[in-house]
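What follows is calculated from the coordinates using simple rules that are stated; it is not laboratory data. Note that the structure is a prediction, hence the values are computed from the model and not measured. No Cβ is skipped: glycine too gets one built from the backbone with ideal geometry, and neighbour counts run over all protein chains shown.
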Amino acid sequence: MCGIVGFIDWQKKSSESVLEDMTLSIQHRGPDGGKVRFFQTESSMVGLGHRRLAIIDLSDNGKQPMLLNHLWITFNGEIYNYTEIKSELTRMGHQFVGNSDTEVILHAYEQWGEKCLEKFIGMFTFVIYDTQKKELFCVRDRAGVKPFFYYYKDGLFLFASELKAFHKHPYFYKEINLDAVGAYMQYGNVPTPHCIFENTYKLNPGHFLKVDLVSKPNRLIQTRYWNVYDSYNHAKLDISFEEAKTETEKLLQSACDYRMVADVPVGIFLSGGYDSTCVTALLQKERTEKLKTFTIGVPDIGLNEAPYAKDIAKHIGTDHTEIECTQKEALDLIPDLPYYFDEPFADSSAIPTTLVSKMARKEVTVALSADAGDEIFAGYNRYDYLLRYGKKLEKIPGFARHSLSGLMNIVPSNTIPILKNKYNFHNRYEKLKGVLKDPSAERIMLSLSQQYTDKQMRGVLTFDSKVLPTAYISKELKKEFFTPLSYMMAIDYQTYLVDDILQKVDRSTMTASLEGREPFLDHRVIEWAAQLPDFYKYHDGDKKYIIKQIVHQYVPQSLLDRPKMGFAIPISDWLKDDLREYVESYLNQKTIEEQGVFNWKYVERLKKAFYSGKKEYDMKMWYLLMFQTWYERWMK
């Protein structure tokens, strides 16, 4: 795990010192050293920079940028099966200097070209500069675990693991993409492939980008080499549940084992839920040494899974550490979030994720987490809602559904007995209004994914934002293979997973110079799971059914059966109390009107409604606040 930066400058106005500044800006991603390589060609200047977090081959043989004949590479990530690929290449006559996966990528690319990507099991972004072809080959892994930003304008091509590196280049023009602001206000992030700045993009997962240094005009050609829909667009497998369970466990075991490959200490984030318990149990069951597991709790805000995780860790037999933080520690982290999340980002669970990463880094350099279990094996409540109530809602006359939605606009969520105390009820209450208006699978997916409706967007913004094309509106799932569950999971895999979950984990872990690894995101797992019958994943109202049956072989059901907690931050309470002054400093008339992005009258009404008891507006307030803090950090 590292950080990469670089450029092609056809105007020849860049310098090696600029490249060094760009590289140094992401030092937190690689505290173990940094190097740059600067090239001057007839047509352009080329720069490659790298910050190293040493994980595999800690010697100097693993340093980057690395050279093999006419190929230079700067690489972020891990190729977990690199030893097998290395053996294959050795039999073909390749000779290696060191033991790093970086060197294996270079030899694989020299041997197979872009087809080498089919060999890799891992998480990766890398750039290979071919000095013979005068070409840059840029790649992002299949699921999008590792980030890759690029900028292209006026003869300048920049790339980096984080946007903050671009700010160090004197010819990066940071003009806000207003349509991206609109997308952020709906989704809480800027969806791939878009970016908060004009002329700036995220490379799509499962794609590579070739940049020709000598053609006129300079060509950027993006190609998809992997697509999750290739697995969903198949008839479901005709196998028994026991066969499916056995094969699923084998794949997960392989994925977990691969992610233990390291020359540094490795740990596991154990929340006590099914996914993290699955990873921990599979890894510990055949090991005599105790794995290190970590759980965070913030008891004074009601976020404390530590007791559950402790019981599970004791049963599995791990070396367990409970990390307990205070509300003050959580609140004190908020002003730093815009620096590490250098696009507007509104998932508040970034706070505990960053805290647990910082604590775990004191003992390990690599930590496994169990993200993507929900997207692959049907774990989200929204899938449950669709399958339970979608068809029932469609049968209700439209006028009745619209009337109920209107009534909900009048009745605050905080006045609903019993339910008002349920996890995430207020946010769900707000989103249910959109579902009632159109209960189709497509509309439910959008309604549950968006915070501000299209109508509310016209009120909160001072401009008309265009709807950006994103994977949220993908039509790639063929009709003959369409099921509501497959549709929602495929959409989530390409949207919420990439732009929320994986962005959160990458920035939170990298803040602490900790490598995060995701066994469920082994591409072989989704390729298999997508073809399993829906009822193996969602069975009579039981979410993640097949995962639960695997886990129950190692951990008693009684230790796991409890409501899903998640990293629930009490945003509403914070905004009303501890962050009230913070809100007023960013969401006041002078600031809003001078900035010119938001409509002050709308913001004012929203604030008044929230502070008068409309608790379901807490996330709308949080989205505004997180944008404002980002704007102050990066635009002023």
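Computed with the Debye formula from one identical point scatterer per Cα of the chain, without solvent, the log10 of I(q)/I(0) at q = 0.10 Å⁻¹ comes to -0.94. Once the chain from Thr223 to Asp540 is taken as fully extended at 0.36 nm per residue, the excess over their C-alpha distance is 110.1 nm.
Bridging of Lys478 to lysines at a Cα separation below 19 Å is possible for Lys236, once same-chain residues fewer than 8 apart are set aside.
Here Lys455 is the anchor, and the lysines within straight C-alpha reach of less than 22 Å, apart from those fewer than 8 places off in the same chain, are Lys431, Lys433, Lys437, Lys466, Lys601, Lys607, Lys608, Lys614, Lys615, Lys620. Counting only GluC sites (Glu not before Pro) that DSSP places in a loop and that have at most 13 other Cβ atoms within 10 Å, the longest clean stretch of the chain runs over 364-636.
Its alpha carbons give the stretch 2-225 an Rg and a Dmax of 16.9, 54 Å. The residues Ile85, Ile547, when put in order of fewest to most other Cβ atoms within 10 Å, stand as Ile85, Ile547.
Where in the stretch 347-415 are there trypsin sites (Lys or Arg not before Pro) that are in a DSSP coil and have at most 11 other Cβ atoms within 10 angstrom of their Cβ?
When the trypsin sites (Lys or Arg not before Pro) of the stretch 347-415 are filtered for loop state and at most 11 Cβ neighbours within 10 Å, Lys362 remain.
Residue order for Leu337, Leu58, fewest other beta carbons within 10 angstrom first, comes to Leu58, Leu337. Quick one: if the Förster radius is 30 Å, what FRET efficiency do Lys290 and Lys362 give, using the C-beta to C-beta distance and rounding to 0.05? The calculated FRET efficiency here is 0.95. The mean sequence distance of close C-alpha pairs (under 8 Å, at least 6 residues apart), as a share of the length of the stretch 570-636, puts its relative contact order at 38 percent.
Might you report the magnitude of the Cβ-based charge dipole of the stretch 189-263 about its Cα centre, with Lys and Arg at +1 and Asp and Glu at -1, to the nearest 20 debye? With Lys and Arg at +1 and Asp and Glu at -1, about 540 debye. Taking a straight line from the alpha carbon of Lys537, these aspartates and glutamates sit under 15 Å away, with near neighbours fewer than eight places off in the same chain left out: Asp238, Glu242, Glu243, Glu247, Glu249, Asp275, Asp374, Glu375, Asp384, Glu527. As a calculated quantity, the FRET efficiency between Ile239 and Gln589 at R0 = 60 Å, using C-beta atoms, amounts to about 0.45.
Charges were assigned to the Cβ only: +1 to each Lys and Arg, -1 to each Asp and Glu. The resulting dipole of the chain about its Cα centre is roughly 1540 debye.
Label point of Thr90 set 7 angstrom out along Cα-Cβ; within the stretch 39-69, amide nitrogens under 18 Å from it belong to 56-59, 61-62.
Taking the number of other C-beta atoms within 10 Å as the exposure measure, put Val279, Val5 in order starting with the fewest.
The most exposed by this proxy come first: Val279, Val5.
Site pair Thr83 and Ser43 shows an inter-label distance of 4.2 nm when each label is modelled 7 Å from Cα along Cα→Cβ. The stretch 89-109 and the stretch 269-331 have Cα centres separated by 38 Å. Between Asp257 and Tyr389, the modelled labels are 4.4 nm apart [label points 7 Å from Cα along Cα→Cβ].
Counting DSSP beta bridges with both partners in the chain, what percentage is antiparallel, nearest 5? Looking only at bridges with both residues in the chain, the antiparallel portion is about 80 percent.
Full extension of the chain between Gln553 and Gln132 gives 146.0 nm of extra length, using 0.36 nm per residue less the Cα-Cα distance. Each Cα pair under 8 Å and six or more residues apart adds its separation to the average, and for the chain the resulting relative contact order is 16 percent.
The three principal axes of the C-alpha atoms in the stretch 305-375 carry coordinate ranges of 40, 31, 23 Å, sorted with the longest axis first. Computing FRET efficiency as 1/(1 + (r/R0)^6) for Arg580 and Asp332, where r is the C-beta to C-beta distance and R0 is 22 Å, gives about 0.85.
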